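**Student:** Below: one structure in C-alpha coordinates.
The values are calculated or read from the model by the stated rules, or taken from the named source; none is laboratory data. What you are looking at is a predicted structure, and each value in this text was computed from that prediction instead of being measured. Positions of Cβ are backbone-derived with ideal geometry, glycine not excepted, and every protein chain shown enters the neighbour counts. These accessible areas exclude ligands, DNA and RNA; they are computed on the full protein's heavy atoms, side chains included. Shrake-Rupley method; radii C 1.70, N 1.55, O 1.52, S 1.80 Å.
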Amino acid sequence: MCIRDRHRSVLGAFEHAWALLGPRDRELLRRLSVCRGGFRREAATEIAGATLADLATLIDRSLLRTDGGGRYGAHPLLLEFARAKAAERPDEATDARDRHARAYLGLLRRWEEDLAGGDQERALTAVGEEIENVRAAWRHAAEAGDADALWGACRALQLYFIQRSGRWDDAAQVFAEARAALEAAAPSAEAVAGRLRAAEAWFRFRMNELDASEALAESALARLRPHAEAGPPDPVLDRALASTLNTLGNVAQRRGDADAAAARFEEVLALARARGHEPQVAIASHNLGSVEARRGDYGAAEAHYREALAINRRRGNRRSVVRNLVNLGNLALYDGDGERAERTFAEGLELARTIRFDGLMPTLLAHLAEAASARGRPDRALALHGEALAALSDRAQPALEAGIRIGRADAEAAQGRSAAARGEYLAALAIAWPLRDLDATAACLLGLARLHAAAGDDRRVADLLD
(Lines give C-alpha, C1' and ligand atoms only; values in the text may rest on other atoms or scores of the structure.)
Protein backbone atom coordinates (compact mmCIF):
# COMPACT_ATOMS: atom_id res chain seq x y z
CA MET A 1 0.00 0.00 0.00
CA CYS A 2 1.45 3.39 -1.01
CA ILE A 3 1.63 6.34 1.37
CA ARG A 4 -1.33 8.10 -0.29
CA ASP A 5 -3.53 5.00 -0.01
CA ARG A 6 -2.48 4.52 3.62
CA HIS A 7 -3.35 8.17 4.34
CA ARG A 8 -6.80 7.72 2.76
CA SER A 9 -7.32 4.55 4.77
CA VAL A 10 -6.47 6.34 8.04
CA LEU A 11 -8.81 9.23 7.19
CA GLY A 12 -11.52 6.73 6.37
CA ALA A 13 -11.07 5.18 9.80
CA PHE A 14 -11.35 8.64 11.37
CA GLU A 15 -14.55 9.32 9.43
CA HIS A 16 -16.03 6.09 10.74
CA ALA A 17 -14.98 6.87 14.33
CA TRP A 18 -16.28 10.45 13.95
CA ALA A 19 -19.72 9.18 12.88
CA LEU A 20 -19.91 7.17 16.10
CA LEU A 21 -19.19 10.16 18.35
CA GLY A 22 -21.84 12.22 20.03
CA PRO A 23 -22.16 15.97 19.40
CA ARG A 24 -20.33 16.84 22.64
CA ASP A 25 -17.21 14.78 21.81
CA ARG A 26 -17.12 16.12 18.26
CA GLU A 27 -17.21 19.69 19.51
CA LEU A 28 -14.44 19.01 22.02
CA LEU A 29 -12.14 17.60 19.34
CA ARG A 30 -12.89 20.44 16.94
CA ARG A 31 -12.11 23.03 19.58
CA LEU A 32 -9.04 21.28 20.98
CA SER A 33 -7.57 20.90 17.50
CA VAL A 34 -6.52 24.57 17.77
CA CYS A 35 -3.81 23.54 20.25
CA ARG A 36 -0.24 23.00 19.13
CA GLY A 37 2.18 20.60 20.78
CA GLY A 38 -0.36 19.30 23.30
CA PHE A 39 -2.18 21.00 26.16
CA ARG A 40 -3.00 20.74 29.85
CA ARG A 41 -6.42 20.23 31.42
CA GLU A 42 -6.74 23.89 32.45
CA ALA A 43 -6.32 25.01 28.86
CA ALA A 44 -8.80 22.38 27.63
CA THR A 45 -11.34 23.76 30.06
CA GLU A 46 -10.75 27.35 28.96
CA ILE A 47 -10.79 26.59 25.23
CA ALA A 48 -13.47 23.90 25.03
CA GLY A 49 -15.12 23.71 28.45
CA ALA A 50 -13.72 20.19 28.82
CA THR A 51 -13.94 18.44 32.18
CA LEU A 52 -11.59 15.79 33.46
CA ALA A 53 -14.31 13.21 32.70
CA ASP A 54 -14.56 14.51 29.11
CA LEU A 55 -10.83 14.05 28.60
CA ALA A 56 -10.90 10.58 30.17
CA THR A 57 -13.69 9.58 27.76
CA LEU A 58 -11.68 10.72 24.74
CA ILE A 59 -8.65 8.80 26.03
CA ASP A 60 -10.76 5.66 26.47
CA ARG A 61 -11.85 5.99 22.85
CA SER A 62 -8.20 6.38 21.75
CA LEU A 63 -8.90 9.89 20.44
CA LEU A 64 -6.60 11.56 22.98
CA ARG A 65 -3.51 10.38 24.80
CA THR A 66 -1.72 11.57 27.90
CA ASP A 67 1.92 11.50 28.89
CA GLY A 68 1.11 10.76 32.52
CA GLY A 69 2.46 14.14 33.58
CA GLY A 70 -0.70 16.16 32.99
CA ARG A 71 -0.33 16.89 29.26
CA TYR A 72 -2.69 15.68 26.57
CA GLY A 73 -2.26 15.29 22.86
CA ALA A 74 -3.49 13.40 19.81
CA HIS A 75 -2.14 11.76 16.68
CA PRO A 76 -1.13 14.42 14.11
CA LEU A 77 -3.44 12.95 11.47
CA LEU A 78 -6.36 13.03 13.89
CA LEU A 79 -5.60 16.69 14.65
CA GLU A 80 -5.46 17.44 10.91
CA PHE A 81 -8.83 15.72 10.49
CA ALA A 82 -10.38 17.60 13.44
CA ARG A 83 -9.09 20.93 12.10
CA ALA A 84 -10.75 20.21 8.76
CA LYS A 85 -13.98 19.56 10.61
CA ALA A 86 -13.50 22.78 12.63
CA ALA A 87 -13.11 24.76 9.40
CA GLU A 88 -16.64 23.74 8.47
CA ARG A 89 -17.90 25.74 11.48
CA PRO A 90 -16.12 29.11 11.16
CA ASP A 91 -17.89 30.83 14.06
CA GLU A 92 -17.01 28.02 16.45
CA ALA A 93 -13.46 27.88 15.10
CA THR A 94 -12.97 31.62 15.61
CA ASP A 95 -14.30 31.37 19.15
CA ALA A 96 -11.91 28.49 19.87
CA ARG A 97 -8.94 30.46 18.51
CA ASP A 98 -9.94 33.50 20.57
CA ARG A 99 -10.19 31.37 23.72
CA HIS A 100 -6.88 29.69 22.90
CA ALA A 101 -5.19 33.08 22.51
CA ARG A 102 -6.60 34.32 25.83
CA ALA A 103 -5.45 31.14 27.58
CA TYR A 104 -1.86 31.14 26.36
CA LEU A 105 -1.22 34.87 26.32
CA GLY A 106 -2.64 34.84 29.85
CA LEU A 107 -0.09 32.16 30.74
CA LEU A 108 2.66 34.45 29.44
CA ARG A 109 1.44 37.33 31.60
CA ARG A 110 1.28 35.14 34.71
CA TRP A 111 4.97 34.27 34.35
CA GLU A 112 6.13 37.78 33.41
CA GLU A 113 7.59 38.83 36.75
CA ASP A 114 9.36 35.51 37.23
CA LEU A 115 10.86 35.82 33.76
CA ALA A 116 12.01 39.32 34.73
CA GLY A 117 13.84 38.23 37.86
CA GLY A 118 11.90 35.84 40.08
CA ASP A 119 11.88 32.08 39.61
CA GLN A 120 13.28 32.30 36.09
CA GLU A 121 14.09 28.62 35.67
CA ARG A 122 10.55 27.56 36.57
CA ALA A 123 9.08 30.27 34.35
CA LEU A 124 11.24 29.26 31.38
CA THR A 125 10.17 25.64 31.83
CA ALA A 126 6.48 26.55 32.08
CA VAL A 127 6.50 28.83 29.04
CA GLY A 128 8.88 26.61 27.08
CA GLU A 129 6.54 23.65 27.52
CA GLU A 130 3.78 25.66 25.82
CA ILE A 131 5.85 27.70 23.38
CA GLU A 132 4.10 26.27 20.30
CA ASN A 133 0.74 27.26 21.77
CA VAL A 134 2.10 30.63 22.87
CA ARG A 135 3.40 31.41 19.40
CA ALA A 136 0.10 30.37 17.80
CA ALA A 137 -1.81 32.55 20.28
CA TRP A 138 0.53 35.49 19.65
CA ARG A 139 0.13 35.13 15.89
CA HIS A 140 -3.67 34.94 16.15
CA ALA A 141 -3.84 38.07 18.31
CA ALA A 142 -1.74 39.97 15.77
CA GLU A 143 -3.78 38.80 12.78
CA ALA A 144 -6.99 39.67 14.64
CA GLY A 145 -5.70 43.17 15.41
CA ASP A 146 -5.98 42.55 19.16
CA ALA A 147 -3.64 45.35 20.22
CA ASP A 148 -4.52 45.05 23.92
CA ALA A 149 -3.57 41.36 24.01
CA LEU A 150 -0.23 42.04 22.30
CA TRP A 151 0.49 44.98 24.59
CA GLY A 152 -0.13 42.84 27.65
CA ALA A 153 1.97 39.88 26.49
CA CYS A 154 4.84 41.65 24.68
CA ARG A 155 7.24 42.06 27.57
CA ALA A 156 6.80 38.50 28.82
CA LEU A 157 7.43 37.02 25.38
CA GLN A 158 10.48 39.23 24.87
CA LEU A 159 11.83 38.23 28.28
CA TYR A 160 11.30 34.56 27.47
CA PHE A 161 13.42 34.84 24.32
CA ILE A 162 16.05 36.96 26.10
CA GLN A 163 16.39 34.60 29.05
CA ARG A 164 16.39 31.57 26.80
CA SER A 165 19.25 33.20 24.85
CA GLY A 166 20.53 32.34 21.41
CA ARG A 167 18.43 32.05 18.23
CA TRP A 168 17.96 35.81 18.14
CA ASP A 169 16.91 35.46 14.50
CA ASP A 170 13.94 33.33 15.53
CA ALA A 171 12.91 35.84 18.19
CA ALA A 172 13.24 38.80 15.81
CA GLN A 173 11.04 37.02 13.28
CA VAL A 174 8.29 36.42 15.86
CA PHE A 175 8.07 40.16 16.58
CA ALA A 176 8.51 41.20 12.93
CA GLU A 177 5.62 39.00 11.80
CA ALA A 178 3.38 40.24 14.62
CA ARG A 179 4.21 43.86 13.81
CA ALA A 180 3.38 43.42 10.12
CA ALA A 181 0.12 41.61 10.91
CA LEU A 182 -0.97 44.18 13.50
CA GLU A 183 -0.16 47.16 11.30
CA ALA A 184 -2.30 45.59 8.55
CA ALA A 185 -5.20 44.73 10.87
CA ALA A 186 -5.14 47.75 13.21
CA PRO A 187 -3.12 50.63 11.70
CA SER A 188 -4.19 53.03 14.45
CA ALA A 189 -2.53 50.95 17.22
CA GLU A 190 0.69 52.99 17.02
CA ALA A 191 1.87 52.53 20.60
CA VAL A 192 1.61 48.74 20.37
CA ALA A 193 3.29 48.73 16.96
CA GLY A 194 6.03 50.84 18.52
CA ARG A 195 6.48 48.35 21.30
CA LEU A 196 6.75 45.46 18.84
CA ARG A 197 9.31 47.45 16.86
CA ALA A 198 11.29 48.08 20.04
CA ALA A 199 11.37 44.36 20.86
CA GLU A 200 12.45 43.43 17.34
CA ALA A 201 15.12 46.16 17.45
CA TRP A 202 16.67 44.56 20.55
CA PHE A 203 17.03 41.20 18.82
CA ARG A 204 18.34 42.79 15.60
CA PHE A 205 21.03 44.46 17.71
CA ARG A 206 21.98 41.10 19.20
CA MET A 207 22.33 39.79 15.64
CA ASN A 208 24.65 42.75 14.90
CA GLU A 209 22.18 44.14 12.33
CA LEU A 210 22.90 47.66 13.51
CA ASP A 211 21.20 49.60 10.72
CA ALA A 212 17.99 47.58 11.03
CA SER A 213 18.08 47.79 14.81
CA GLU A 214 18.58 51.56 14.82
CA ALA A 215 15.83 52.17 12.24
CA LEU A 216 13.35 50.04 14.19
CA ALA A 217 14.26 51.65 17.52
CA GLU A 218 14.00 55.19 16.13
CA SER A 219 10.62 54.32 14.66
CA ALA A 220 9.54 52.81 17.98
CA LEU A 221 10.69 55.92 19.85
CA ALA A 222 8.67 58.16 17.53
CA ARG A 223 5.56 56.11 18.34
CA LEU A 224 6.12 55.62 22.07
CA ARG A 225 7.43 58.96 23.29
CA PRO A 226 4.29 61.02 22.45
CA HIS A 227 2.13 58.56 24.42
CA ALA A 228 4.54 58.67 27.38
CA GLU A 229 4.54 62.48 27.41
CA ALA A 230 0.79 62.92 26.87
CA GLY A 231 -0.62 60.83 29.69
CA PRO A 232 0.00 60.00 33.37
CA PRO A 233 2.95 57.74 34.26
CA ASP A 234 2.44 54.24 32.90
CA PRO A 235 4.97 51.62 34.08
CA VAL A 236 4.42 49.44 31.02
CA LEU A 237 4.96 52.34 28.64
CA ASP A 238 7.96 53.53 30.65
CA ARG A 239 9.59 50.10 30.33
CA ALA A 240 8.98 50.03 26.58
CA LEU A 241 10.46 53.51 26.21
CA ALA A 242 13.47 52.56 28.34
CA SER A 243 14.04 49.40 26.29
CA THR A 244 14.02 51.46 23.09
CA LEU A 245 16.50 53.99 24.45
CA ASN A 246 18.75 51.20 25.73
CA THR A 247 18.82 49.62 22.28
CA LEU A 248 19.74 52.95 20.66
CA GLY A 249 22.47 53.38 23.26
CA ASN A 250 23.81 49.90 22.55
CA VAL A 251 23.86 50.57 18.81
CA ALA A 252 25.76 53.84 19.36
CA GLN A 253 28.23 52.09 21.62
CA ARG A 254 28.80 49.27 19.14
CA ARG A 255 29.60 51.94 16.54
CA GLY A 256 32.09 53.58 18.88
CA ASP A 257 30.07 56.71 19.73
CA ALA A 258 30.45 56.71 23.51
CA ASP A 259 28.88 60.15 23.99
CA ALA A 260 25.69 59.25 22.12
CA ALA A 261 25.48 55.94 23.97
CA ALA A 262 25.95 57.60 27.37
CA ALA A 263 23.26 60.18 26.58
CA ARG A 264 20.71 57.43 25.84
CA PHE A 265 21.62 55.38 28.94
CA GLU A 266 21.56 58.46 31.20
CA GLU A 267 18.07 59.29 29.94
CA VAL A 268 16.95 55.77 30.88
CA LEU A 269 18.61 56.03 34.30
CA ALA A 270 16.97 59.38 35.05
CA LEU A 271 13.55 58.05 34.05
CA ALA A 272 14.03 54.84 36.08
CA ARG A 273 15.17 56.70 39.21
CA ALA A 274 12.27 59.15 38.93
CA ARG A 275 9.81 56.25 38.68
CA GLY A 276 11.58 54.16 41.32
CA HIS A 277 11.90 51.28 38.89
CA GLU A 278 14.85 49.23 40.14
CA PRO A 279 15.14 46.76 37.26
CA GLN A 280 15.58 49.60 34.76
CA VAL A 281 18.06 51.30 37.11
CA ALA A 282 20.07 48.06 37.04
CA ILE A 283 19.96 47.83 33.23
CA ALA A 284 20.90 51.47 32.70
CA SER A 285 23.69 51.32 35.30
CA HIS A 286 25.07 48.18 33.69
CA ASN A 287 25.03 49.84 30.27
CA LEU A 288 26.65 53.03 31.57
CA GLY A 289 29.35 50.88 33.12
CA SER A 290 30.13 49.54 29.65
CA VAL A 291 30.44 53.08 28.28
CA GLU A 292 32.79 54.14 31.07
CA ALA A 293 34.88 51.02 30.56
CA ARG A 294 35.28 51.89 26.88
CA ARG A 295 36.33 55.40 27.90
CA GLY A 296 38.93 53.93 30.23
CA ASP A 297 37.32 55.19 33.47
CA TYR A 298 37.40 51.85 35.26
CA GLY A 299 36.46 53.30 38.64
CA ALA A 300 33.22 54.79 37.30
CA ALA A 301 32.53 51.61 35.33
CA GLU A 302 32.93 49.40 38.39
CA ALA A 303 30.62 51.63 40.46
CA HIS A 304 27.88 51.27 37.82
CA TYR A 305 28.37 47.52 37.49
CA ARG A 306 28.28 47.00 41.24
CA GLU A 307 25.07 49.02 41.59
CA ALA A 308 23.47 46.80 38.96
CA LEU A 309 24.85 43.66 40.63
CA ALA A 310 23.52 44.68 44.05
CA ILE A 311 20.03 45.31 42.65
CA ASN A 312 19.96 42.03 40.75
CA ARG A 313 21.22 40.03 43.75
CA ARG A 314 18.56 41.66 45.94
CA ARG A 315 15.84 40.87 43.42
CA GLY A 316 17.05 37.31 42.90
CA ASN A 317 17.58 37.97 39.19
CA ARG A 318 20.31 35.38 38.86
CA ARG A 319 20.61 35.54 35.08
CA SER A 320 21.31 39.26 35.25
CA VAL A 321 23.77 38.57 38.08
CA VAL A 322 25.66 36.33 35.67
CA ARG A 323 25.72 39.11 33.06
CA ASN A 324 26.96 41.61 35.66
CA LEU A 325 29.74 39.22 36.65
CA VAL A 326 30.77 38.89 33.01
CA ASN A 327 31.24 42.65 32.74
CA LEU A 328 33.04 42.91 36.07
CA GLY A 329 35.37 40.16 34.89
CA ASN A 330 35.99 42.04 31.67
CA LEU A 331 36.75 45.16 33.68
CA ALA A 332 39.37 43.24 35.64
CA LEU A 333 40.90 42.12 32.32
CA TYR A 334 41.03 45.71 31.05
CA ASP A 335 42.70 46.67 34.32
CA GLY A 336 45.34 43.97 33.83
CA ASP A 337 44.19 41.82 36.77
CA GLY A 338 43.94 38.38 35.16
CA GLU A 339 43.59 36.59 38.50
CA ARG A 340 40.58 38.67 39.58
CA ALA A 341 39.08 38.29 36.11
CA GLU A 342 39.43 34.51 36.22
CA ARG A 343 37.86 34.38 39.69
CA THR A 344 34.92 36.55 38.61
CA PHE A 345 34.26 34.61 35.40
CA ALA A 346 34.49 31.32 37.29
CA GLU A 347 31.84 32.55 39.74
CA GLY A 348 29.61 33.51 36.81
CA LEU A 349 30.17 30.16 35.10
CA GLU A 350 29.33 28.22 38.26
CA LEU A 351 26.10 30.20 38.73
CA ALA A 352 25.18 29.83 35.04
CA ARG A 353 25.59 26.06 35.31
CA THR A 354 23.54 25.98 38.49
CA ILE A 355 20.62 27.79 36.87
CA ARG A 356 21.15 26.10 33.47
CA PHE A 357 21.79 29.39 31.71
CA ASP A 358 23.03 27.56 28.62
CA GLY A 359 22.72 30.57 26.32
CA LEU A 360 25.51 32.46 28.11
CA MET A 361 27.87 29.47 28.44
CA PRO A 362 29.81 30.25 25.23
CA THR A 363 30.40 33.83 26.36
CA LEU A 364 31.52 32.80 29.86
CA LEU A 365 33.85 30.12 28.56
CA ALA A 366 35.34 32.54 26.02
CA HIS A 367 35.96 35.16 28.70
CA LEU A 368 37.45 32.58 31.05
CA ALA A 369 39.78 31.65 28.18
CA GLU A 370 40.80 35.31 27.82
CA ALA A 371 41.61 35.38 31.53
CA ALA A 372 43.75 32.27 31.09
CA SER A 373 45.61 33.99 28.24
CA ALA A 374 46.16 37.05 30.41
CA ARG A 375 47.73 34.80 33.02
CA GLY A 376 50.10 33.25 30.46
CA ARG A 377 48.19 29.97 29.99
CA PRO A 378 47.62 29.66 26.21
CA ASP A 379 47.11 25.88 26.52
CA ARG A 380 44.21 26.36 28.94
CA ALA A 381 42.91 29.26 26.85
CA LEU A 382 42.81 27.08 23.74
CA ALA A 383 40.93 24.32 25.56
CA LEU A 384 38.38 26.78 26.98
CA HIS A 385 37.87 28.43 23.59
CA GLY A 386 37.23 24.96 22.19
CA GLU A 387 34.58 24.38 24.85
CA ALA A 388 33.09 27.77 24.00
CA LEU A 389 32.80 26.86 20.31
CA ALA A 390 31.20 23.53 21.20
CA ALA A 391 28.73 25.29 23.51
CA LEU A 392 27.93 27.77 20.76
CA SER A 393 26.92 24.90 18.43
CA ASP A 394 24.08 26.16 16.22
CA ARG A 395 23.33 29.35 18.14
CA ALA A 396 23.14 32.32 15.78
CA GLN A 397 25.82 34.52 17.39
CA PRO A 398 28.33 35.24 14.62
CA ALA A 399 30.05 38.13 16.40
CA LEU A 400 30.74 35.89 19.39
CA GLU A 401 32.00 33.09 17.15
CA ALA A 402 34.43 35.51 15.49
CA GLY A 403 35.74 36.58 18.91
CA ILE A 404 36.18 32.97 20.03
CA ARG A 405 38.10 32.11 16.87
CA ILE A 406 40.37 35.13 17.35
CA GLY A 407 41.07 33.90 20.87
CA ARG A 408 41.89 30.43 19.54
CA ALA A 409 44.19 31.99 16.93
CA ASP A 410 46.02 34.03 19.58
CA ALA A 411 46.46 30.91 21.71
CA GLU A 412 47.75 28.86 18.77
CA ALA A 413 50.18 31.65 17.84
CA ALA A 414 51.42 31.90 21.44
CA GLN A 415 52.34 28.19 21.25
CA GLY A 416 54.16 28.58 17.93
CA ARG A 417 51.54 26.88 15.76
CA SER A 418 51.44 29.47 12.97
CA ALA A 419 49.45 27.46 10.42
CA ALA A 420 46.67 26.71 12.89
CA ALA A 421 46.66 30.34 14.03
CA ARG A 422 46.41 31.59 10.45
CA GLY A 423 43.45 29.28 9.77
CA GLU A 424 41.58 30.60 12.80
CA TYR A 425 42.29 34.26 11.96
CA LEU A 426 41.01 33.74 8.41
CA ALA A 427 37.89 31.93 9.68
CA ALA A 428 37.22 34.80 12.10
CA LEU A 429 37.82 37.38 9.36
CA ALA A 430 35.30 35.65 7.09
CA ILE A 431 32.69 36.13 9.83
CA ALA A 432 33.67 39.61 11.02
CA TRP A 433 34.05 41.36 7.66
CA PRO A 434 30.41 40.89 6.46
CA LEU A 435 29.23 42.02 9.90
CA ARG A 436 31.28 45.22 9.62
CA ASP A 437 32.69 44.38 13.05
CA LEU A 438 35.66 46.75 12.91
CA ASP A 439 37.25 45.65 16.19
CA ALA A 440 37.23 41.97 15.22
CA THR A 441 38.38 42.71 11.67
CA ALA A 442 41.30 44.80 13.00
CA ALA A 443 42.25 42.04 15.47
CA CYS A 444 42.33 39.48 12.64
CA LEU A 445 44.46 41.66 10.38
CA LEU A 446 46.84 42.52 13.21
CA GLY A 447 47.15 38.85 14.15
CA LEU A 448 47.89 37.86 10.56
CA ALA A 449 50.45 40.67 10.33
CA ARG A 450 52.22 39.35 13.44
CA LEU A 451 52.39 35.87 11.91
CA HIS A 452 53.92 37.23 8.71
CA ALA A 453 56.33 39.38 10.71
CA ALA A 454 57.46 36.34 12.67
CA ALA A 455 58.04 34.55 9.35
CA GLY A 456 60.05 37.53 8.01
CA ASP A 457 57.50 38.36 5.31
CA ASP A 458 57.66 42.14 5.61
CA ARG A 459 55.83 42.76 2.32
CA ARG A 460 52.74 40.88 3.50
CA VAL A 461 52.88 42.74 6.80
CA ALA A 462 52.83 46.07 4.95
CA ASP A 463 49.92 44.92 2.76
CA LEU A 464 47.85 43.91 5.79
CA LEU A 465 48.52 47.09 7.75
CA ASP A 466 48.18 49.50 4.83
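**Student:** To the nearest 20 Debye, how big is the dipole of segment 324-410 about its Cα centre, given +1 on the beta carbon of each Lys and Arg and -1 on that of each Asp and Glu?
**Tutor:** Taking the Cα centre of segment 324-410 as origin, the dipole is about 100 debye.
**Student:** Quick one: grab Rg to one decimal and Dmax as a whole number for segment 129-277, Cα atoms only, in Å.
**Tutor:** Taking only Cα atoms of segment 129-277, I get Rg and Dmax of 14.9, 43 Å.
**Student:** What accessible surface, in Å², does a 1.4 Å probe find on Leu20, ignoring ligands, DNA and RNA and rounding to the nearest 10?
**Tutor:** 130 Å²
**Student:** Given Met207, Leu32, Thr344, which one lies farthest toward the positive end of the charge dipole of the chain, if we put +1 on the Cβ of every Lys and Arg and -1 on the Cβ of every Asp and Glu?
**Tutor:** Of the candidates, Leu32 comes out farthest on the positive side.
**Student:** Using +1 at the Cβ of each Lys and Arg and -1 at the Cβ of each Asp and Glu in the chain, identify which of Leu309, Ala96, Thr51 lies farthest towards the dipole's positive end.
**Tutor:** Thr51
**Student:** Please report, for the Cα atoms of the chain, the Rg to one decimal and the Dmax as a whole number; what are they, in angstrom?
**Tutor:** Every Cα atom of the chain included, Rg and Dmax give 26.2, 87 Å.
**Student:** First compute the accessible area of the chain with a 1.4 Å probe, then give the percent of it belonging to carbon and sulfur atoms.
**Tutor:** So the carbon and sulfur contribution to the accessible surface is 50 percent.
**Student:** All other residues with a Cβ under 15 Å from the Cβ of Ser219 taken together, and with Lys, Arg as +1 and Asp, Glu as -1, what is their net charge?
**Tutor:** After counting each charged neighbour, the total is -1.
**Student:** If you line up the long axis of helix 338-354 against the longest principal axis of the chain, both from Cα atoms, how many degrees apart are they, to the nearest 10?
**Tutor:** Approximately 10 degrees, to the nearest ten.
**Student:** Leaving out ligands and nucleic acids, and using a 1.4 Å probe, what accessible area per residue does the chain come to in Å²?
**Tutor:** Computed with neighbouring chains in place, this is 46 Å² per residue.
**Student:** What order, most packed first, do the peptides 138-145, 80-87, 177-184 have when packing is the mean number of other Cβ atoms within 10 Å of each residue?
**Tutor:** So the order, starting with the most tightly packed, is 138-145, 177-184, 80-87.
**Student:** As a test of the formula, what do you get for the chain when each DSSP H run with n ≥ 4 contributes -39,500 (n - 2.57) and the sum is divided by the residue count, at 222 nm and rounded to the nearest 500 deg cm²/dmol?
**Tutor:** Taken over the chain, the calculation gives -26500 deg cm²/dmol.
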